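Peer 1: If you scroll down you'll find the structure; I have some questions about it.
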Amino acid sequence: MKVETIVEKLKNGDIQSLRFVYELFYKPVFRAAYFILNDTKLAEDCVHEVFLKLHSKIEQLEEPSKLENWMCRMASNIAWDMIRDRTKNMLSAKAKWSNEANPSNLPEDILLESEEKEVIKQYIQQLRPDHKRVIYFKYYLNMSDYEISTALGIPVGTVKSRLFYARKEIKKKLGIEAQLNQNLVDL
């Protein structure tokens, strides 16, 4: 069944179509929540809240083909609210992502690339929540600056600024680590 058809049925009050939406989009919605929360149980709570709100908020969806992104943004917003309400501090646990290995690489290259990705993920988790959020939208949901702006209700310039400072912070941490590694080699 097409997403547009499912959305139309949802808008017409067909509760059964919610099952199709759940089957199609549970995983990406969960990943969006988990990326922000770093906690399986909290991410599950977030996903449940998204699906509970879906029926009452479906009328707000203007482009049915973007249902998945819309639900992921909703999950991100709910997760953001959960962080604000419960912790007031940024999270520092590792995010769980799948690493895509390039089969043409040598095993050593694959391992090195995997370790580098893991370090970057750790640094992303150390970012301020508002910076981590724009990084997620930009690089994991592949949203444009304008789409991020719309989703977060902030100016495009603010999105660009947060992306700039988030990338700068990650580069700074990578530089410090490289310098530490060089110092260890020099010993």
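Peer 1: What residues have an amide H closer than 5 Å to that of D14, excluding those fewer than 5 places away on the same chain, when H is modeled at 1.01 Å from N in the peptide plane?
Peer 2: none
Peer 1: Counting only other residues whose beta carbon sits under 13 Å from that of L54, what net charge do I get with K and R as +1, D and E as -1?
Peer 2: After counting each charged neighbour, the total is +2.
Peer 1: Show the residues, 5+ positions off or on another chain, whose built amide H is closer than 5 Å to the amide H of M143.
Peer 2: K138
Peer 1: With a 10 Å Cβ neighbour count serving as the proxy for reagent exposure, in which order, fewest first, do S76, S17, S161 appear?
Peer 2: S161, S17, S76
Peer 1: Now, a different point. Could you list L67, L61 so that the one with the fewest beta carbons within 10 Å of its beta carbon is first and the one with the most is last?
Peer 2: Fewest-to-most Cβ neighbours within 10 Å comes out as L61, L67.
Peer 1: Between their Cα atoms, which of K9/K138; K27/K57; K66/K172; K41/K168; K11/K138 are more than 26 Å away from each other? Walk me through the intermediate numbers first.
Peer 2: Values: K9/K138 30 Å; K27/K57 20 Å; K66/K172 35 Å; K41/K168 32 Å; K11/K138 29 Å.
From the list (K9/K138; K27/K57; K66/K172; K41/K168; K11/K138), the Cα-Cα distance tops 26 Å for K9/K138; K66/K172; K41/K168; K11/K138.
Peer 1: Arranged by the count of other C-beta atoms within 10 angstrom, fewest first, what order do D14, D45 take?
Peer 2: Values: D14 13, D45 16.
Lowest count first: D14, D45.
Peer 1: Here is a follow-up. By the scheme Lys and Arg +1, Asp and Glu -1, what is the net charge of all other residues having a beta-carbon under 14 Å from that of S149?
Peer 2: +2
Peer 1: For region 8-13, take each phi angle, set θ = phi - 60°, evaluate the Karplus expression 6.51 cos²θ - 1.76 cosθ + 1.60, and give the result in whole Hz per residue in order, putting x for glycine and proline.
Peer 2: Values, residue by residue: 4, 5, 4, 5, 8, x Hz.
The numbers here are math on the coordinates, done by the rules we state, and not lab data. What you see is a predicted model, and the numbers here were worked out from it, not measured in a lab. All Cβ positions, glycine included, derive from the backbone under ideal geometry; neighbour counts span all protein chains shown.
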